[in-house]
C-alpha cells in the first residue's frame with residue numbers, strides 16, 4: 001500500500017539511521033520536541049502555537065506534567081523580585097495617616 005508512512009517516513013528513518021530504534025514515531029518526536037521546549041523555558045502559549053493546538057488548555061492537558069519543577073522557579077523569582085521591597089520599612093501615604101492606619105510589615 002502506498003502511504004505517507006511507506007513513501008516518506010520509512011525512507012527518512014532509514015536515511016537517518018533510526019530505523020532500528022523501537023518507538024521512533026512522529027508522535028514520539030513531537031512529544032520530545034515539546035518536552036525539550038518546556039525544559040528550556042517555553043511558556044504554554046508559545047508551545048501551543050508551535051504544536052498547532054487549538055487552545056492553551058489543550059496544551060496543558062497534554063504536557064502540564066512536564067512543568068512541575070517550574071513552580072519552584074516562579075517562587076524563587078518572586079522572592080528575588082520582592083526582597084528589596086520587603087526589606088524597606090512600610091510607609092503610609094498622607095491619606096492613610098489621616099485615616100489612622102498603622103504600618104504593617
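Modelling each spin label as a point 7 Å along the Cα-to-Cβ direction, I'd like the residue 55/residue 21 distance in nm, to one decimal.
In this crude spin-label approximation the distance works out to 3.5 nm.
Using a 7 Å offset from the Cα along the Cα-to-Cβ direction at both residue 80 and residue 62, what is the distance between the two label points in nm, to one decimal?
The modelled label-to-label distance comes out at 3.1 nm.
Values in this text are rule-based calculations from the coordinates and carry no lab data. Computed from a prediction, not measured in an experiment: that's the story for all the values here. Positions of Cβ are backbone-derived with ideal geometry, glycine not excepted, and every protein chain shown enters the neighbour counts.
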